[in-house]
Structures are given as structure tokens and as C-alpha cells.
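Quick notes on the structure that follows.
Nothing in this text is a laboratory measurement; each read-out follows from the coordinates by a stated rule. All values derive from a computational prediction rather than experimental measurement. A quick note on method: Cβ atoms are made from the backbone with ideal geometry, for glycine too, and the neighbour counts reach across all protein chains shown.
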Amino acid sequence: MRFKDFTAEGIAPETLARLVRAQDVERPARGLYQLPDVAAGAAHVLAEASALVPKGIVCLTSALQYHGITLQMPSAVWMAIDRTAWRPRTDYPPIRFVRFSGHALTDSIEQHRIEGIDVRITAPARTIVDCFRYRNKVGIDVAMEGLREGLRSRKATPDQLWDYARTTRSWSVIRPYLEATVASHDA
């Protein structure tokens with residue numbers, strides 16, 4: 001929970017400070033509180049990051065991992081923010097920011113509820129295309145793995161990939177990889 005969630009429930013700042021001192025509540029990051037016995041899985045870290053950056057969108061390898069189309073465990077949560085937005089400074093959880101604008105910020109966003117927190121995550125097809133767009137940051141091997149696994153598990157179709165790649169003007173980047181992957185599946 002965030003500090004403002006406690007105050008909305010009528011819990012005074014002094015009471016919250018007393019709970020932290022008594023170790024009934026932990027403070028993993030500034031303005032973020034949790035119970036001490038919470039198991040910290042991958043989804044938990046996404047919920048924490050979304051609580052700290054409410055307008056952020058989980059993307060790239062973090063979204064691939066959430067959708068189950070990669071074996072990669074990102075060392076930081078990848079979040080997209082508006083290109084003109086203030087970049088939050090956080091120590092925990094580690095967050096890497098990318099800046100999107102226009103359609104890239106609003107198209108193909110799914111809303112998931114994780115541990116009572118609304119988490120916005122890019123859709124599988126969009127995530128794969130974004131990984132190709134940001135291949136210099138995440139690595140072409142991660143983008144290829146996402147493409148192969150997304151098609152294999154049917155979480156993304158070639159038509160969905162084409163549609164989003166055309167919208168973001170990145171079709172020329174993903175086209176050869178998609179054609180080779182589809183050809184190898186058909187063979």
C-alpha cells in the first residue's frame with residue numbers, strides 16, 4: 001500500500017510509523033508499505049512498481065515474463081512513461097524507464113489486478129513488437145525468444161504483430177524475423 005492509502009483509511013502517520021518500528025509493517029521503499037511475511041514473486045514486484053509509478057505501463061521483458069512468453073527474469077522492472085512525464089526516482093524495486101508517446105503509450109494496454117493493485121501491462125503482441133523496437137536495450141535474442149514463444153503458445157498471431165508493427169512504423173524491423181519464424185513453424 002502507498003502512504004496515501006493508509007491516510008484514506010483514517011490511519012494517522014504516527015500510527016503507521018509505530019507499526020513500522022514494531023515491525024508489523026515493512027517499508028521496502030519510500031511511500032510504499034507491505035506486510036513483513038509477503039512472498040516476493042515476479043508479480044509482486046510488478047505490483048510494487050505500479051504502486052510507485054501509477055501512470056507507468058509494464059513493458060518489454062517484464063511484460064514478456066508476466067505473459068509467460070520468455071524464460072528471462074529481468075533484473076529490473078521495465079516501465080513505459082510518457083515522453084514528457086517526470087521520471088520518478090526509486091531505489092526499490094529497480095525500475096528501468098522507456099519513454100513512449102501518442103499511440104505507443106495508449107494502444108494495446110491490458111489492465112490486471114495484482115495483489116489489489118491495478119497494473120497496466122502491454123498486450124503480448126505489442127510487447128513482442130516493442131522488444132524489436134528496443135532491441136538495442138533488451139537484446140535481439142530476447143525479442144526472438146518472445147516472438148517464437150508468443151507464436152508457439154498462440155498468445156500472439158502474425159496478424160496482431162503486423163497490425164501493431166504497422167501502427168508503430170516498425171514493420172520493416174520485425175518482418176524478416178517474423179517471416180523466418182513462420183516459415184520454420186510451417187516446415
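A few comments on the model shown:
- Antiparallel DSSP beta bridges within the chain, as percent of all bridges there, nearest 5: 60
- Amide H within-cut-off set for Val77, under 5 Å, with H built and near neighbours excluded: Ile95, Arg96
- Stretch gain in nm, segment Ala183-Ala12, where the contour uses 0.36 nm per residue and the Cα spacing is subtracted: 55.4 nm
- Note, ³J(HN,Hα) from phi for the stretch 84-90, Karplus 6.51, -1.76, 1.60, rounded to Hz, x at Gly and Pro: 9, 6, 5, 8, x, 9, 10
- For the stretch 99-115, 3J(HN,Hα) computed residue by residue from phi via the Karplus equation (6.51, -1.76, 1.60; θ = phi - 60°) reads 10, 10, 8, x, 5, 5, 8, 10, 7, 6, 10, 9, 9, 10, 9, 10, 6 Hz, glycine and proline entered as x.
- Neighbour counting of Cβ atoms within 10 Å sorts the residues Ile11, Ile174, Ile114, fewest neighbours leading, into Ile11, Ile114, Ile174.
- In the stretch 32-104, the DSSP beta bridges split such that about 25 percent are antiparallel, to the nearest 5.
- Partner lysines whose Cα lies under 29 Å from the Cα of Lys155, excluding those fewer than 8 positions away in the same chain, are identified as Lys55, Lys137.
- Whole-percent P(r), the chain, all Cα pairs, 5 Å bins from 0: 1, 8, 16, 18, 17, 13, 9, 7, 5, 3, 2, 1, 0, 0.
- Ranking of Met73, Met79 by count of other Cβ atoms within 10 Å, fewest first: Met73, Met79
- DSSP H segments from the chain that extend 15 Å or more along their own axis, Cα-based, with Kyte-Doolittle mean of -1.0 or above: 42-52, 140-152, 171-186
- The length gained by stretching the chain between Leu35 and Arg175 to full extension, at 0.36 nm per residue less their Cα-Cα distance, is 45.7 nm.
- Order of Leu161, Leu64, Leu32 under a 10 Å beta carbon neighbour criterion, fewest first: Leu32, Leu161, Leu64
- Estimated at 0.36 nm per residue, the fully extended path between Asp24 and Asp159 surpasses their Cα-Cα distance by 43.5 nm.
- Near-label residues of the stretch 1-21 by backbone N, under 14 Å of a point 7 Å along Cα→Cβ of His44: 1
- Spacing of the two label points (7 Å from each Cα toward its C-beta) at Trp86 and Lys55, in nm: 1.0
- Vicinal HN-Hα couplings computed from phi for the stretch 78-83 (Karplus, 6.51 cos²θ - 1.76 cosθ + 1.60; Hz; Gly/Pro x): 8, 10, 9, 10, 4, 5
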